[in-house]
Amino acid sequence: MKKKIREAIVVEGRYDKNAVSQAVDALILETEGFGIFRDAEKLKLIRAVAEKRGVILLTDPDSAGFLIRNHLKGALAGVSVKEAYIPDILGKERRKTAPSREGKLGVEGVPPEVILEALRRAGATFEDEESAPEVRGALTKADFLELGLTGPGSRAKRAALLRALDLPERLTANALLDVLNLLMDKTELVSLLSSLRPQ
């Protein structure tokens, strides 16, 4: 039986919606790709749902997906928005004749287990479980600077961390901070960083 999620999940298109519906039972809203940039009514609907039950943004890990995600984050400022990330997995979707320009699988191309794990890591509220994962947190931007994850020369270290956690390479430092606050505390992060070697 599929896990039921309280929050609505916002995806780019119908193939993404089909993939997510195979993984979980949830309200799934489509942006119709870049159509969300000019569809005030759809944005109003997404905002209303976010205010009522929260939303989880689940876009492709490519530049277009991050552009749509960032637009939505700005438009939904002040309401409950969680972010789920599909890891960078090279390949092409079955229905396509060639890989995307960046060569990465989108939401539609990954197995249901990957989608489910991305939603768990985002802090989705599973209705059949006692509660959503607690925010482990208290990691700050100052911690990032102290640990060399921001500032001069931080790019390679952050890239190694993103690879180790199966997160997309386009994730910003601020978004990485939000994700890490769901996954670990400072001690765990320091331990993980000490085991990594930048490529």
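Okay, residues lined up against (1) in the same structural domain as VAL55 (by TED's automatic domain parsing); (2) part of a loop (DSSP other than H, G, I, E, B); (3) closer than 26 Å to LYS3 by Cα:
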| residue | (1), (2), (3) |
| --- | --- |
| ALA98 | yes, yes, no |
| GLU113 | yes, no, yes |
| LEU116 | yes, no, yes |
| GLY151 | no, yes, no |
| LYS157 | no, no, no |
| LEU161 | no, no, no |
| PRO168 | no, yes, yes |
| LEU182 | no, no, yes |
| THR187 | no, no, no |
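For LEU57, state whether it is under 16 Å from GLY106 (Cβ atoms) and either in the same structural domain as GLY106 (by TED's automatic domain parsing) or not in a helix (DSSP H, G or I) (or both). Yes: the conditions hold for LEU57.
Residue-wise test of (1) of a type in the set (Gly, Ala, Ser); (2) in the same structural domain as THR172 (by TED's automatic domain parsing); (3) in contact (Cβ under 8 Å) with a residue 40 or more places away in the chain; (4) assigned to a loop (DSSP other than H, G, I, E, B).
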{"position": "GLU83", "(1), (2), (3), (4)": "no, no, yes, no"}
{"position": "PRO87", "(1), (2), (3), (4)": "no, no, yes, yes"}
{"position": "ARG101", "(1), (2), (3), (4)": "no, no, no, yes"}
{"position": "GLU108", "(1), (2), (3), (4)": "no, no, yes, no"}
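If you go through the range 96-123 and keep only what is of a type outside the set (S, T, N, Q) and over 19 Å from ILE9 (Cα atoms), you end up with LYS96, ALA98, PRO99, ARG101, GLU102, GLY103, LYS104. Criterion first (surrounded by fewer than 17 Cβ atoms within 10 Å (Cβ to Cβ) and of a type in the set (D, E, K, R)) does LYS82 satisfy it? So LYS82 fails the test. When you look at VAL135, is it modelled with pLDDT under 90, surrounded by fewer than 17 Cβ atoms within 10 Å (Cβ to Cβ) and closer than 30 Å to ARG47 by Cβ, yes or no? Here the answer is yes, as VAL135 does meet what is asked.
Considered as a group, the residues in the range 1-26 that are in a loop (DSSP other than H, G, I, E, B) and over 17 Å from the mean Cα position of the chain (by Cα) include one that is farthest from GLU83 (Cα to Cα), and that residue is MET1. Checked against (1) surrounded by 13 or more Cβ atoms within 10 Å (Cβ to Cβ); (2) part of a loop (DSSP other than H, G, I, E, B), ALA175 passes all but a single condition, namely (2).
Residues that are modelled with pLDDT of 90 or more and of a type in the set (Ser, Thr, Tyr) within the range 100-132 comprise just one, THR125. Against the list (1) in contact (Cβ under 8 Å) with a residue 12 or more places away in the chain; (2) exposed (fewer than 13 other Cβ atoms within 10 Å of the Cβ), the condition PRO152 fails is (1). All but one of (1) among the hydrophobic types (A, V, I, L, M, F, W, C); (2) assigned to a helix (DSSP H, G or I); (3) farther than 15 Å from VAL107 by Cβ; (4) touching a helix residue (DSSP H, G or I) at 6+ places or on another chain (Cβ under 7 Å) hold for VAL79; state the number of the condition that does not hold. It is condition (2) that VAL79 fails.
The values are calculated or read from the model by the stated rules, or taken from the named source; none is laboratory data. Note that the structure is predicted; figures quoted are calculated from it, not measured. When we count neighbours, we look across all protein chains shown, and the Cβ atoms used for this are built from the backbone with ideal geometry, even at glycine.
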